[in-house]
Amino acid sequence: MQLMIYGLFVFLGVHVVPLVFPRWRRRQIDRFGERAWKGMFAVVALAGLVLTCIGFGQARRLPLALYTPPLSMDHLNALFTLVAFVLVAAAYVPRNHIKAALGQPMLLGVVVWASGHLLATGLLHDVVLFGAFLSWALPVAVWLRQRDRLEGVDYPAGTLRGDAIAVVIGVAAWAVFAFWLHRWLIGVDPMAGMH
């Protein structure tokens with residue numbers, strides 16, 4: 001568990017620091033160059049993610065139940081995760097109404113994903129992991145949205161084509177992850193209780 005917490009601190013911290021200290025970030029880019037900065041950022045974030053995954057795997061060997069959610073929460077979590085995948089896809093697909101309306105669909109996708117998992121899982125390591133992501137993503141999404149409003153940022157208008165592409169990519173990615181990759185990467189079949 002301790003290793004997972006260290007990993008979360010590194011992974012989430014490296015994403016928060018540039019937002020909280022934009023002038024410091026700008027100085028580092030001016031000092032090292034944008035490519036080097038992005039490279040260092042990616043290396044640190046990846047190191048944090050690796051530590052989080054290894055720590056999560058270790059913590060799963062000694063599960064401690066905090067609460068026992070009803071089985072119906074598995075279905076709700078599947079729906080939440082589907083919505084989360086569509087939101088994340090919308091962050092990268094140009095000109096869709098989802099991004100135009102929400103501004104920060106990727107962070108909101110993390111919020112929905114983490115919330116669904118907190119509803120469906122009650123083990124300590126799950127609560128720490130998903131609670132950390134929720135505690136990070138929600139305030140950052142609200143803060144960035146507020147900052148964009150104050151700065152008068154206009155998001156590109158959405159189109160039906162952009163919406164369709166975002167939904168198709170999100171649903172397809174969710175299906176691959178839910179029915180295959182989740183079991184392969186995490187060792188848990190999220191659809192096992194729904195057959």
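The values are calculated or read from the model by the stated rules, or taken from the named source; none is laboratory data. Given the structure is predicted, the values throughout are model-derived calculations rather than measurements. Neighbour counts run over all protein chains shown; Cβ positions are idealised from the backbone, glycine included. Each accessible area value is taken on the protein alone, full model and side chains, heavy atoms only, with ligands, DNA and RNA left out. Shrake-Rupley method; radii C 1.70, N 1.55, O 1.52, S 1.80 Å.
Some observations on this one:
- LEU119 being more than 23 Å from LEU19 (Cα to Cα) and in contact with a strand residue (DSSP E or B) (Cβ under 8 Å, 6 or more places away or on another chain): no
- Which listed residue is touching a Leu at 6+ places or on another chain (Cβ under 9 Å) and aliphatic (A, V, I, L, M), from ALA78, ALA100, ALA91: ALA91
- Any chance ALA90 is at pLDDT 95 or above and not polar (S, T, N, Q): yes
- Test: residue in segment 36-43 that is open to solvent by less than 80 Å² (accessible area, probe 1.4 Å) and not in a helix (DSSP H, G or I): no
- Look at segment 115-131: where a residue is farther than 14 Å from PRO70 by Cβ and a partner is among the basic types (Lys, Arg), sitting 6+ places away or on another chain with Cβ atoms under 9 Å, you get LEU123/ARG60; HIS125/ARG60; ASP126/ARG60.
- If you go through segment 66-75 and keep only what is in a helix (DSSP H, G or I) and without any contact (Cβ under 8 Å) to a residue 40 or more places away in the chain, you end up with just SER72.
- Beta carbons closer than 8 Å, at least 6 apart along the sequence or on distinct chains, pair a first residue in segment 159-183 that is open to solvent by 90 Å² or more (accessible area, probe 1.4 Å) with a second that is not basic (Lys, Arg) and not in a helix (DSSP H, G or I) for PHE179/MET191; ARG183/ASP189; ARG183/PRO190.
- Those residues of segment 158-195 which are modelled with pLDDT of 90 or more, farther than 30 Å from PRO22 by Cβ and assigned to a loop (DSSP other than H, G, I, E, B), in sequence order: THR159
- With respect to the conditions (1) part of a helix (DSSP H, G or I); (2) in contact with a Leu (Cβ under 9 Å, 6 or more places away or on another chain); (3) open to solvent by 40 Å² or more (accessible area, probe 1.4 Å); (4) closer than 21 Å to GLY7 by Cα, PRO63 falls short on a single one, namely (1).
- Some residue of segment 76-85 being aliphatic (A, V, I, L, M), more than 23 Å from VAL171 (Cβ to Cβ), in a helix (DSSP H, G or I) and open to solvent by 40 Å² or more (accessible area, probe 1.4 Å): no
- Residue list for segment 4-29, filter: within 17 Å of PHE130 (Cα to Cα) and open to solvent by 60 Å² or more (accessible area, probe 1.4 Å): ILE5, TYR6, PHE9
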